[in-house]
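Engineer: Have a look at the structure that comes next, please.
The values are calculated or read from the model by the stated rules, or taken from the named source; none is laboratory data. Just so we're clear, the structure is a prediction, and the values are computed from it rather than from any experiment. Here the Cβ positions follow ideal geometry from the backbone for every residue, glycine too, while neighbour counts run over all protein chains shown.
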Amino acid sequence: MSKSIDPESTLLSPASSMRRGLFHDAGGTEASLARSAVPNVETIAMRMILPPTYLLVSLVLATALSVFLPGPRIVASPWTVIGIGLIVIGVGINIVGDRQFQRAKTTMNPFGSPRTLVTTGVFRCFPHPMYAGLVLIVIGTAVLLGYATPFIAPVLLWTVLRYRFIPQEERVLSQRFGEEYRVYRTRVSRWL
C-alpha cells in the first residue's frame with residue numbers, strides 16, 4: 001500500500017505529483033507505487049526556495065555591490081532616507097497581504113493549494129502585491145545605499161518573481177477558480 005505524504009510538507013500530494021509526472025513509476029505495481037511516494041528531491045528542493053529567500057539574497061547582493069563595486073553615487077544624502085520609506089511601505093504591504101491570507105484561511109505558499117481567491121484590500125489593486133512589496137523593499141535598500149550598482153538587485157528579484165513564481169501561481173489560480181479568476185484578472189493590472 002502506498003504511504004501518504006503530507007501535501008504541505010512536499011508541496012504536492014503523491015497522487016497529484018504522479019499525474020504531473022514528477023514521481024518515477026516504473027511498473028504500476030503496488031511496490032512501484034510505494035516507491036513513487038518518495039518525492040523527487042530536485043522538485044522539492046526547487047519549491048523549497050521561496051520568495052523570502054530570494055528577498056534575502058537580493059538584499060545581500062545589493063549590499064555587497066555597494067561595498068565592493070558601488071559605481072557612481074546616484075542618490076545623494078539626505079535623499080537616501082527616502083529608501084527607509086520605501087522599505088516600510090514594502091514591509092507594510094507584505095504584512096497586510098499576509099493578514100488577508102490568514103483571514104481567508106488560504107495558503108501563502110506559491111506552490112500550495114489555495115482555498116480562497118483573495119480579491120479585496122491590497123489585492124483589489126494588483127494581483128501580486130506581496131511580490132511588489134518585496135521588490136519595493138529591495139528598491140528602498142538600493143536608494144538607501146545610494147550607489148548605482150545596488151539597483152541591479154531589484155531588477156533581478158523582479159525577474160525571478162515574474163518568471164518563476166507568477167506564471168505558476170496564475171496557472172493554479174486559473175485552474176482552481178476558473179471564470180472568477182479570469183474576471184478578477186481583467187480588473188487589476190499585471191503587476192502594479
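Engineer: If the requirement is being outside any helix (DSSP H, G or I), in contact (Cβ under 8 Å) with a residue 12 or more places away in the chain and in contact with a Ser or Thr (Cβ under 8 Å, 6 or more places away or on another chain), which of these qualifies: 150, 114?
Structural biologist: 114
Engineer: Whether any residue in the range 58-77 is modelled with pLDDT under 95, assigned by TED's automatic domain parsing to the domain that holds residue 160 and either surrounded by 14 or more Cβ atoms within 10 Å (Cβ to Cβ) or part of a loop (DSSP other than H, G, I, E, B) (or both) is what I want to check. Explain how you work it out, then say what you get.
Structural biologist: The initial filter retains those residues of the range 58-77 that are modelled with pLDDT under 95, namely 77.
Still in the running and assigned by TED's automatic domain parsing to the domain that holds residue 160: 77.
Cutting the leftovers down to either surrounded by 14 or more Cβ atoms within 10 Å (Cβ to Cβ) or part of a loop (DSSP other than H, G, I, E, B) (or both) gives us 77.
Yes, that holds for at least one residue.
Engineer: Give the residue that is farthest from residue 106 (Cα to Cα), with candidates limited to residues of the range 136-165 that are out of contact with any helix residue (DSSP H, G or I) (no Cβ under 7 Å at 6 or more places or on another chain) and aliphatic (A, V, I, L, M).
Structural biologist: In the first step, residues of the range 136-165 are kept if they are out of contact with any helix residue (DSSP H, G or I) (no Cβ under 7 Å at 6 or more places or on another chain); the result is 148, 155, 159, 162-164.
Those still in the list that are aliphatic (A, V, I, L, M) too: 148, 155.
Details: 148: 39, 155: 29 Å.
By that ranking, first place goes to 148.
Engineer: In addition: In this structure, is residue 161 over 20 Å from residue 56 (Cβ atoms), of a type in the set (A, V, I, L, M, F, W, C) and not in a loop (DSSP other than H, G, I, E, B)?
Structural biologist: no
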